[in-house]
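Let me begin by presenting the structure, written as structure tokens, before commenting on it.
The values are calculated or read from the model by the stated rules, or taken from the named source; none is laboratory data. Source: prediction; values computed, not measured. We place every Cβ from the backbone using ideal geometry, glycine too, and count neighbours over all the protein chains shown. All accessible areas refer to the heavy atoms of the entire protein, side chains included, with ligands and DNA or RNA removed. Shrake-Rupley method; radii C 1.70, N 1.55, O 1.52, S 1.80 Å.
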Amino acid sequence: MEGFFYFPFTTLLVIFISFLIVRASSIALMMTGLDQKRSRFQALSAFTGTGFTTKEAELIVNNPRRRRIIIWLMILGNAGIVTVIVTMTSTVVVSEGFQIPINIVILLLGLVVVYKIATHTGFLQRWDVFIENRLLKTTNFEEEVTEGLLHLLEGYGLIRVIVKEDSFLLGISLNDLKLSEKNLLVIGIERNGEWISVPKSDEIIKENDRLVVYGPLNALKSTFEQ
């Protein structure tokens, strides 16, 4: 009877810890600027070794912080899956007679308990807050990356518009451009080697100005490709 309950409970413990790791990693990915749905999907995909698509993978491989998170998830995921397989197999191997159905029942009931805990709103909120507070204390998550915050891979972008002497922009104010009506925003102007951050609406556009404009790619193209 020695070790009768050891392997079933070890299996359940590994599964529960695996859930906590995936949940924590999804929060870490969100803190790099990735949205919630993608973060959870990518964390689960990396941990299980499945589910990557080309576009989704680009969001990860192009960012060093996300790559580090995914690498650790892959390592821990492989270790966790192997551990679960070994412990579940050992449960069957070391069991004899009536022990086999009892261990199976323990595993099934344990999985139900783990699922209930893992989907309990109060528990999830406390775990998420704990992880966020821990990550905020590290230097790795002080700032979020640009492409995630600006959704540059989802139809939005940044362009630099150079104002030449024959440009339709020359001599008019930002307000006259009515860019807000097209969901466009001038986030800065490069002028004579200086940077004008978030220029005011009455700012007059001058020759050789370089406007940095953010907004939907189709609106950027239709407005400035003239």
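Within the stretch 35-59, being at pLDDT below 75 and either assigned to a helix (DSSP H, G or I) or in contact with a Lys or Arg (Cβ under 9 Å, 6 or more places away or on another chain) (or both) holds for Thr54, Lys55, Glu56, Ala57, Glu58, Leu59. Of all residues in the stretch 198-226, those satisfying the criterion of being outside any helix (DSSP H, G or I), more than 22 Å from Asp166 (Cα to Cα) and within 28 Å of the chain's Cα centre (by Cα) are Val198, Tyr214, Gly215, Pro216. Scanning the stretch 64-78 for residues that are open to solvent by 50 Å² or more (accessible area, probe 1.4 Å) and under 12 Å from Ile21 (Cα atoms) yields a count of 4. Here the condition is being among the acidic types (Asp, Glu), modelled with pLDDT under 90, loosely packed, with under 12 Cβ neighbours inside 10 Å and under 30 Å from Gln36 (Cβ atoms); of Glu165, Glu142, Glu132, it holds for Glu142 alone. Cβ-Cβ distances below 6 Å connect the following pairs, each with a first residue in the stretch 153-176 that is closer than 17 Å to Ala219 by Cβ and of a type in the set (Val, Ile, Thr), a second residue that is open to solvent by less than 40 Å² (accessible area, probe 1.4 Å) and not in a strand (DSSP E or B), and a separation of six or more residues or different chains: Ile159/Leu220; Val161/Phe224.
A single member of Leu124, Leu109 is at pLDDT 80 or above, open to solvent by 20 Å² or more (accessible area, probe 1.4 Å) and over 22 Å from the mean Cα position of the chain (by Cα), and it is Leu109.
State yes or no: is Leu220 modelled with pLDDT under 90 and open to solvent by less than 90 Å² (accessible area, probe 1.4 Å)? Yes: the conditions hold for Leu220.
Whether any residue in the stretch 192-206 is at pLDDT 90 or above, under 16 Å from Gly157 (Cα atoms) and of a type outside the set (A, V, I, L, M, F, W, C) is what I want to check. Within the stretch 192-206, none of the residues are at pLDDT 90 or above, under 16 Å from Gly157 (Cα atoms) and of a type outside the set (A, V, I, L, M, F, W, C). Annotation for the stretch 1-14: no member residue is modelled with pLDDT under 85, crowded, with 18+ Cβ neighbours inside 10 Å, within 10 Å of the chain's Cα centre (by Cα) and of a type outside the set (Gly, Ala, Ser).
Cβ separations smaller than 6 Å between residues 6+ apart or across chains give no pair from the stretch 13-24 residues that are of a type outside the set (Gly, Ala, Ser) to residues that are surrounded by 20 or more Cβ atoms within 10 Å (Cβ to Cβ) and outside any helix (DSSP H, G or I).
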